[in-house]
Amino acid sequence: MARKIHTLAGYIYEYQRSVLDPEAFWTQIAETFYWQKKWDKVVEWEFDTPSIKWFTNAKLNITENIFERYLHTKKDKPAIIWEPNDPSEPNITLTYRELYEKTCQFANALKNNGVGKGDRVIIYMPMVPEAAIAMLACARIGAIHSIVFAGFSANSLSDRINDCTATVVLTSDGNFRGAKTIPVKAVVDEALESTSTVEKVIVLERTKTPVTMKPGRDIWWHDAIDDVSAENVAETMDSEDMLFILYTSGSTGKPKGIVHTCAGYMVNCYYTFKNVFQYNDEDVYWCTADVGWITGHSYIVYGPLLAGATTVMYEGVPTHPHPGRFWEIIDKLKVNQFYTAPTAIRALAAYGIDPVLPYKLDSLKVLGTVGEPINEEAWHWYHDHIGKGRCPIVDTWWQTETGAILISPLAGITPTKPAYATLPLPGVQPIIVDNEGNELKGNSVEGNLCIKYPWPSMLRTIYGEHERCQQTYFSTFKGLYFTGDGVKRDEDGYYRILGRVDDVINVSGHRMGTAEVENAINEHPKVMESAVVGYPHPIKGQGIYAFAICDMSDRSEENLKKEIRVTVARIIGPIAKPDLIQIVPGLPKTRSGKIMRRILRKIATGEKDNFGDTSTLLDPDVVTKIIESAGTAS
Ligand code: WT7
């Protein structure tokens with residue numbers, strides 16, 4: 001058991017050690033893994049280009065560190081407990097041995113379908129054990145998986161397929177989501193009309209939704225594994241070979257394919273899982289994320305399985321068939337660690353405590369949050385009504401790019417403070433800088449959050465766009481990784497994340513690029529121009545507020561707004577639909593044509609004055625007009 005911290009003094013000691021000698025610190029953790037060959041160097045890095053390598057020249061396979069490593073001791077231990085959308089359908093438990101066999105079998109099926117090391121495989125699937133099996137099977141044979149959240153549109157899916165030139169897509173006939181059944185295979189079919197690289201589509205039967213199977217291209221999952229051996233020798237991977245690509249939104253239109261590599265990601269995911277959640281061997285751990293987001297990668301699948309944990313996977317939504325569903329599952333499966341998003345907490349808190357009352361929740365030991373700042377009210381509701389005042393809340397700050405949690409309490413060990421991610425984990429060196437890049441030292445400071453030393457699970461590049469990786473993360477402040485978040489370090493030295501300082505909005509814990517949403521809105525033929533900003537939303541954290549200049553000659557405002565929302569859902573997916581749309585006569589622009597979002601953000605928040613200096617605007621009157629009609633936003 002590697003370096004589990006048990007006391008506050010232990011944390012302080014480990015932290016100091018990790019800063020004084022990061023290589024010794026990470027070496028000691030890495031030593032506990034199974035390596036086909038050990039590394040020559042622990043880390044080689046520079047943040048200018050950037051070039052980051054961990055555990056250089058080591059050889060490994062991440063799945064050997066889940067299966068071969070645990071089969072002697074944990075073969076009958078539940079690896080995954082799957083809870084279906086419909087509570088009357090039985091749940092499924094896969095032991096480490098069963099998961100191993102299914103992974104090997106599907107790995108062989110992928111090979112039979114022409115997938116080899118380095119090939120890109122898109123996973124567009126519901127939250128079923130096969131989604132985890134698909135990830136692990138890719139990792140087993142060295143194929144690079146790229147999961148696309150199954151709520152994304154055909155257009156978003158084809159963009160991602162094309163960007164990484166994927167040859168195989170794994171999907172299902174349909175997905176159960178609450179009361180709805182989503183015909184995902186049909187979405188894949190539509191996406192594949194605008195791609196040319198996909199040779200095979202493997203379709204899991206889940207909902208029995210009728211589908212069209214294209215001969216030669218599409219095969220059923222059950223046929224693909226029929227009579228296929230469950231024995232497979234893991235591919236030898238270099239520490240810096242790609243493990244997966246995960247697309248995330250940025251401040252420009254096109255999503256970025258964040259690249260994570262094998263060894264560093266493995267070591268970091270495991271270490272943070274163990275320490276943040278203080279997982280003990282008999283515990284049942286549940287993270288409610290979707291595998292389509294980084295949280296699902298690191299803290300449903302890789303982190304817990306690398307730690308030999310029992311991880312719960314839930315197919316459905318928090319409120320179906322009733323708003324006590326999460327609490328019902330916690331009691332039913334005796335969940336010990338529960339990890340969810342502030343937006344889910346707020347949505348459930350809105351039903352009051354009646355839906356919570358029927359449940360004991362006495363198995364819970366640790367609560368976690370992720371994805372966005374948690375407001376104090378939601379924090380207290382979670383703490384009092386779910387944790388019954390007994391369970392520490394770990395507010396975990398991290399990003400798709402960081403691969404693993406960087407700033408967070410260690411449950412029950414380091415202090416918590418409502419709305420604070422608190423302290424950096426060992427191995428993480430945050431630094432706060434002002435807009436000119438000067439370090440803000442000491443406590444009681446506020447500025448841009450950067451990290452000054454590499455950590456093993458950091459992104460290595462943006463797939464096919466290394467220059468963009470340099471520009472986005474390593475050029476704003478020289479020699480530092482820039483997170484895009486604003487942060488405060490309070491008088492006690494605790495970190496509080498203040499939210500994004502770039503053109504990214506955080507909607508229900510999901511990252512949305514304003515430019516991406518604007519591009520989608522502008523696809524509507526009656527929209528001339530648009531600008532999107534975030535505004536405070538009681539449940540989503542931030543909502544999407546769109547200002548649009550439109551041709552209103554032949555449509556009612558109401559119909560046009562409806563059509564705009566349909567357009568956005570079609571181009572990106574329903575999660576990107578604007579909450580509020582305001583039709584405006586113009587947008588506040590500087591003389592050089594740049595939209596002054598600062599002003600729009602204030603209007604969206606309901607401010608009527610204090611817009612600062614507007615004299616540099618091309619047409620200062622437009623601001624007055626927008627304020628006057630702000631009440632028409634809907
Ligand atoms: C952005 C990253 C990391 C998994 C889910 C989101 C925000 C994340 C917190 C937190 C305040 C948080 C940041 C970050 N964020 N966790 N505990 N407190 N803000 O991953 O889509 O890559 O988004 O989410 O703004 O930059 P993501």
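So, of the residues in segment 463-506 that are among the β-branched types (V, I, T), buried (at least 21 other Cβ atoms within 10 Å of the Cβ) and at pLDDT 95 or above, which turns out to be farthest from the ligand (Cβ to nearest atom)?
That would be V487.
Considering each of G118, G151 in turn, give the residue that is within 20 Å of the chain's Cα centre (by Cα) and in a loop (DSSP other than H, G, I, E, B).
G151
Please go through segment 383-408 and give me each residue that is more than 13 Å from the ligand (Cβ to nearest atom) and either open to solvent by less than 30 Å² (accessible area, probe 1.4 Å) or under 16 Å from the mean Cα position of the chain (by Cα) (or both), ordered by number.
Within segment 383-408, I386, G387, C391 meet the criteria.
Go through segment 543-583 and report how many residues are over 14 Å from N522 (Cα atoms), in contact with a strand residue (DSSP E or B) (Cβ under 8 Å, 6 or more places away or on another chain) and assigned to a loop (DSSP other than H, G, I, E, B).
2
For segment 169-187, which positions are in contact with a helix residue (DSSP H, G or I) (Cβ under 7 Å, 6 or more places away or on another chain), closer than 30 Å to E465 by Cβ and not hydroxyl-bearing (S, T, Y)?
V169, L170, V187, listed by residue number.
Among the residues of segment 460-508, how many are charged (D, E, K, R) and touching a helix residue (DSSP H, G or I) at 6+ places or on another chain (Cβ under 6 Å)?
Number of matching residues: 1.
Among (1) within 13 Å of Q337 (Cβ to Cβ); (2) away from the ligand (no atom under 16 Å from the Cβ), where does V366 come up short?
(2)
Just one of (1) charged (D, E, K, R); (2) within 15 Å of the ligand (Cβ to nearest atom); (3) crowded, with 21+ Cβ neighbours inside 10 Å trips up E518, so point out which.
(2)
Might you check whether a residue that is touching a strand residue (DSSP E or B) at 6+ places or on another chain (Cβ under 6 Å), closer than 25 Å to N280 by Cα and not polar (S, T, N, Q) occurs anywhere in segment 479-493?
no
Being in a strand (DSSP E or B) and assigned by TED's automatic domain parsing to the domain that holds C262 is the requirement here; does C450 meet it?
yes
Within segment 32-78, which residues are part of a loop (DSSP other than H, G, I, E, B), farther than 13 Å from Y100 by Cα and free of Cβ contacts under 8 Å to residues at least 24 places away in the same chain?
K38, D40
Among the residues of segment 564-578, is there at least one that is closer than 19 Å to D503 by Cα, open to solvent by 30 Å² or more (accessible area, probe 1.4 Å) and touching a Lys or Arg at 6+ places or on another chain (Cβ under 7 Å)?
Scanning segment 564-578, I find at least one residue that is closer than 19 Å to D503 by Cα, open to solvent by 30 Å² or more (accessible area, probe 1.4 Å) and touching a Lys or Arg at 6+ places or on another chain (Cβ under 7 Å), so the answer is yes.
Considering only residues of segment 410-459 that are away from the ligand (no atom under 16 Å from the Cβ), touching a Gly at 6+ places or on another chain (Cβ under 7 Å) and over 23 Å from S51 (Cβ atoms), which is most open to solvent (accessible area, probe 1.4 Å)?
Checking each candidate, the answer is N443.
Is it true that some residue in segment 298-308 is crowded, with 21+ Cβ neighbours inside 10 Å, of a type in the set (V, I, T) and either at pLDDT 95 or above or in a loop (DSSP other than H, G, I, E, B) (or both)?
yes
Assess whether V566 counts as being within 30 Å of F149 (Cα to Cα), within 29 Å of the chain's Cα centre (by Cα) and free of Cβ contacts under 8 Å to residues at least 12 places away in the same chain.
When the stated conditions are applied, V566 passes them.
Exactly one condition in (1) closer than 24 Å to W82 by Cα; (2) among the basic types (K, R); (3) touching a helix residue (DSSP H, G or I) at 6+ places or on another chain (Cβ under 8 Å) is not met by K214; state its number.
The failed condition is (1).
Test K214 against the criterion of being in contact (Cβ under 8 Å) with a residue 24 or more places away in the chain, at negative phi and either outside the structural domain of T261 (by TED's automatic domain parsing) or assigned to a helix (DSSP H, G or I) (or both), and give yes or no.
no
So if I check each of A191, A224, A186, which one is buried (at least 22 other Cβ atoms within 10 Å of the Cβ) and assigned to a helix (DSSP H, G or I)?
Being buried (at least 22 other Cβ atoms within 10 Å of the Cβ) and assigned to a helix (DSSP H, G or I) holds for just one of A191, A224, A186, which is A191.
Would you confirm whether any residue within segment 1-18 is among the charged types (D, E, K, R) and either part of a helix (DSSP H, G or I) or in contact with a Cys (Cβ under 8 Å, 6 or more places away or on another chain) (or both)?
yes
Can you list residue pairs whose Cβ atoms sit under 7 Å apart, with the first residue in segment 606-634 being part of a helix (DSSP H, G or I) and the second being basic (K, R)? Count only pairs 6 or more apart in sequence or on different chains.
Going by the 7 Å Cβ cut-off, the qualifying pairs are I627/K608.
Before we move on, is A378 touching a Lys or Arg at 6+ places or on another chain (Cβ under 6 Å), buried (at least 19 other Cβ atoms within 10 Å of the Cβ), within 28 Å of L246 (Cβ to Cβ) and of a type in the set (A, V, I, L, M, F, W, C)?
yes
Going by the conditions given, is R511 within 12 Å of the ligand (Cβ to nearest atom) and either of a type outside the set (F, W, Y) or touching a residue at least 12 places away in the same chain (Cβ under 8 Å) (or both)?
yes
So is S18 in contact (Cβ under 8 Å) with a residue 40 or more places away in the chain and assigned by TED's automatic domain parsing to the domain that holds P456 or not?
Considered against the rule, which asks whether it is in contact (Cβ under 8 Å) with a residue 40 or more places away in the chain and assigned by TED's automatic domain parsing to the domain that holds P456, S18 comes out as yes.
Where residues in segment 335-363 are touching a Pro at 6+ places or on another chain (Cβ under 7 Å) and more than 16 Å from the ligand (Cβ to nearest atom), which of them is least open to solvent (accessible area, probe 1.4 Å)?
The extreme case among them is L348.
The values are calculated or read from the model by the stated rules, or taken from the named source; none is laboratory data. Being a predicted model, the structure only gives us computed values, none of them experimental. A quick note on method: Cβ atoms are made from the backbone with ideal geometry, for glycine too, and the neighbour counts reach across all protein chains shown. Accessible surface is based on the protein model in full, side chains and every heavy atom, while ligands, DNA and RNA are left aside. Shrake-Rupley method; radii C 1.70, N 1.55, O 1.52, S 1.80 Å.
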